[in-house]
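Okay, structure first, notes after.
Laboratory data are not the source of any read-out in this text; all were calculated from the coordinates shown. Predicted model, so just to flag it, every value in this text is computed and none were measured. A quick note on method: Cβ atoms are made from the backbone with ideal geometry, for glycine too, and the neighbour counts reach across all protein chains shown.
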Amino acid sequence: MTLLSVQAPPPKWSSRAKRRMCFSFSASFCLLILAGLCAEPATAAIRYEVSLAKPAEHLFHVTMIVPDVHGEVLLQLPAWNALYQIRDFSSRVQQLTAETNGEHVAVEKLDKLTWRTHGEGTVTLRYAIYWDSPGPFAAQLNEEHAFINPAMILMYSPSRRAEAVSIAVRDLPAGWQVATSLGALVSENQYSRENLFLADNFDALADGPIEAGTFKIFQVGGVTPTVSVAVHGDSWKQSDIETTLRKICNYEIELMGGAPFDRYLLIYHIGKAASGAGGGMEHANGTAINVSSEQQIPGVSAHEFFHLWNVKRIRPASLEPIDYTREQYTRALWFAEGVTSTYGSYTLVRSGLWSKEQFYADLAQQINELESRPANRWQSAEQSSLDAWLEKYSYYNGPDFSVSYYTKGQVLGVLLDILIRDRTDDQHSLDDVLRKMNNNFAKKGKPYRDSLDIRLTAESVAGGSFEDFFRRYVAAAEPLPYTEIFAKAGLLLQKQEVMRPELGFILERDASGKAMVRYVAAGSTAERAGLRPGDEIETWNGEAIPRRTDGWLRNRKPGDLLRLGIRRNDQTSEIPFALGGRTDEVFVIDEDPHASGKGKSIREGLLHGTAVAAAH
């Protein structure tokens, strides 16, 4: 998913103290310190204090201190962040008060996310905000830990978003520490035992999630610059995670010609700590990832780490500047997310974490997903990107209504890569397109013009037009020419019969967000177990309901047990049943034993990468 770019004037700090950048700092712990000239916030800086004093109540108590006020102050809480969904975080706010010069002043609510107050000098606002939602796209405070996406709990002043800000995390339970990729202020006096973190502006603060708790934190050896990991969870092995991340980070940094960060932090919630909420959320200098098991770490991490370049720095113009108050439409998510998935799979096979058979199986799986959805016949990659804001409606995610820009974009990335390699006799590739966009846009602080600049960059690399490819397969939804293009890479796309699992029911979210059973297939194992239309599903194998049930089903087989916790007529019960199955014809990818020398070369380029091949 996409968050914010960090482009703003440098922070205004005084020169009375020293600032050091570090991932985490607590009363007893500081992971990493990089020396540099810094200081306490100047008088113009907005300050936040977040108290974790009562985690069992799931209430973050926020104090916002706004200096240099002369009259009216407008305040807003973002309507969206992390997911492309309007989620109205202001609905969680309680007990908002304001004061100036020690006296209370009135606060007037203007709309669902905007308030107005006034004052002279400094205005201090206080409020509580409720969060107990697991996952990297939310915030959570409970007796186990706190996870903060700052945009979801912190108000901002629209006219002062560019100002430097600080956030202090207060009242930690005993034994808790704090980890974040934000800069930590460490001075010799008042802040030496505080969790006080700095950001150049509100947007940079919003892009720096904070984890607090009794997690374990360590550095990934053999990676430069520093990559650190904070893990909250169970059933994981540090050496395995380090080995995986070392391969992923080193390959992607080499591929892109260097790292765009001084320090990077991965926050993992694993096993029970993930609470059934899976996925990853990229940030400018880190990522937050929830997985049910350590085995899922490679795939999610390879994707999220590549976002360092593609979307966090190589950014479509349609996402700039960020607007927290409304939908922000873009046609480029097929590239920002989908081609990032292309490089997630490339990273895994090229670094040795996957075999080539696993790479082929994953690519075939994406094609099967596309071709199984009737919407693939009419929804283009660009339209899927534009319609991302409809994903909060469960029916929209059904096969008749949409295709995923992740899936379609990943396949388009591979097809485009093969065509570039074919036209240039495997001397150039999609790798060169990403590196060139990094040089021409990211490093110059310029956003690209959605699909147009992607096409123009690909044409400059390949030395010929891709207008037909982008017109037919990116902007429109013509059938993708898999067989023709795969043949250029010495690959065969064939069909075979397999048994696939099926749920036997369809669920959708109602207006209040409840997961309701809309349809139960006659004769299905779900129907025989007693599931009925109108049942509310509260738990899924004892955990939260997956965001995408089709993705969950993809990793299961017929006969696997599913336990649904349901509510019917105000009574709760559990309905267990074995997943049903059906015979389907699916695509598989094999190597063509009669491939030409050029085809074999292109195939090897896909599997090993020209940059890596050249290095060896």
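The mean sequence distance of close C-alpha pairs (under 8 Å, at least 6 residues apart), as a share of the length of region 516-616, puts its relative contact order at 22 percent.
For residue 272, a cut-off of 21 angstrom between C-alpha atoms picks up these lysines, skipping any fewer than 8 places away in its own chain: 216, 237. Across the chain, C-alpha contacts under 8 Å between residues 6 or more apart give a mean separation that, scaled by the residue count, equals a relative contact order of 11 percent. Relative contact order, whole percent, for region 99-166 stands at 18, derived from Cα pairs under 8 Å and 6 or more residues apart.
Starting from the Cα gyration tensor of region 483-536, take the square roots of the eigenvalues, sort them a ≥ b ≥ c, and report rounded, prolate or oblate (rounded when a/c is under 1.5, otherwise prolate if a/b is larger than b/c, else oblate). Taking the square roots of the gyration eigenvalues as a ≥ b ≥ c, region 483-536 is oblate.
Ranked for footprinting exposure by Cβ neighbours inside 10 Å, fewest first, 103, 282 give 103, 282.
Given a cut-off of 25 Å, name the pairs among 514/557; 495/557; 408/488; 247/444; 356/444 whose C-alpha atoms lie farther apart than that in the structure shown. In this structure, 514/557; 247/444; 356/444 exceed 25 Å between Cα atoms. Taken about its Cα centre, the chain carries a charge dipole of about 560 debye when Lys and Arg each add +1 at the Cβ and Asp and Glu each add -1 at the Cβ. Please say if region 498-584 is rounded, prolate or oblate, where rounded means a/c under 1.5 for a ≥ b ≥ c the square roots of the C-alpha gyration tensor eigenvalues, and otherwise the choice is prolate for a/b larger than b/c and oblate otherwise? Prolate shape, in that a/c is at least 1.5 and a/b is the bigger ratio. Given their separation in residues at 0.36 nm each and the Cα-Cα distance between them, residue 91 and residue 439 gain 121.1 nm when the chain is fully extended. The DSSP beta bridges internal to the chain are antiparallel in roughly 80% of cases. Between the beta carbons of residue 111 and residue 538, assuming R0 = 30 Å, the FRET efficiency works out to 0.35 to the nearest 0.05. Peptides 75-86, 455-466, 332-343, 389-400 ranked from most to least packed by the mean count of surrounding Cβ atoms within 10 Å: 332-343, 75-86, 455-466, 389-400.
Relative to the Cα centre, the charge distribution of region 215-308, modelled as +1 at Lys and Arg Cβ and -1 at Asp and Glu Cβ, gives a dipole magnitude of about 200 debye. Each of the peptides 436-447, 52-63 was scored by the mean count of other Cβ atoms within 10 Å over its residues; in descending order, highest first, they stand as 52-63, 436-447.
Helix 340-350 and the longest principal axis of the C-alpha atoms of the chain enclose an angle of approximately 70°. Within the set of other residues whose C-beta is less than 13 Å from the C-beta of residue 233, count the net charge using Lys and Arg as +1 and Asp and Glu as -1. Net charge around residue 233: -1. Taking Cα atoms only, the orientation of helix 297-306 departs from the longest principal axis of the chain by about 70 degrees.
Placing +1 on the Cβ of every Lys and Arg and -1 on the Cβ of every Asp and Glu, with no other charges, gives region 155-286 a dipole of roughly 280 debye about its Cα centre. Relative to the dominant Cα principal axis of the chain, helix 238-255 is inclined by about 80°. Among 360-366, 410-416, 478-484, the peptide with the highest mean count of other Cβ atoms within 10 Å heads the list, and the full ranking is 410-416, 360-366, 478-484. Amide hydrogen proximity for residue 266: with H placed 1.01 Å from N in the peptide plane, the residues at 5 or more positions away or on another chain lying under 5 Å are 228, 229, 230, 287.
Which value, in nm² and rounded to one decimal, describes the direction-averaged projected area of the C-alpha convex hull of region 215-308?
One quarter of the hull surface, i.e. the mean projection, equals 5.1 nm².
How would you classify region 310-419 from its alpha-carbon gyration tensor, with a ≥ b ≥ c the square roots of the eigenvalues: rounded for a/c under 1.5, else prolate if a/b is greater than b/c, otherwise oblate? Judged from the Cα gyration tensor, region 310-419 comes out oblate (a/c at least 1.5, b/c at or above a/b). Under 15 Å from a label point set 7 Å out along the Cα-to-Cβ vector of residue 508, the amide N atoms of region 366-396 belong to 390-396. Centre-to-centre separation between the Cα atoms of region 205-249 and those of region 267-301: 11 Å.
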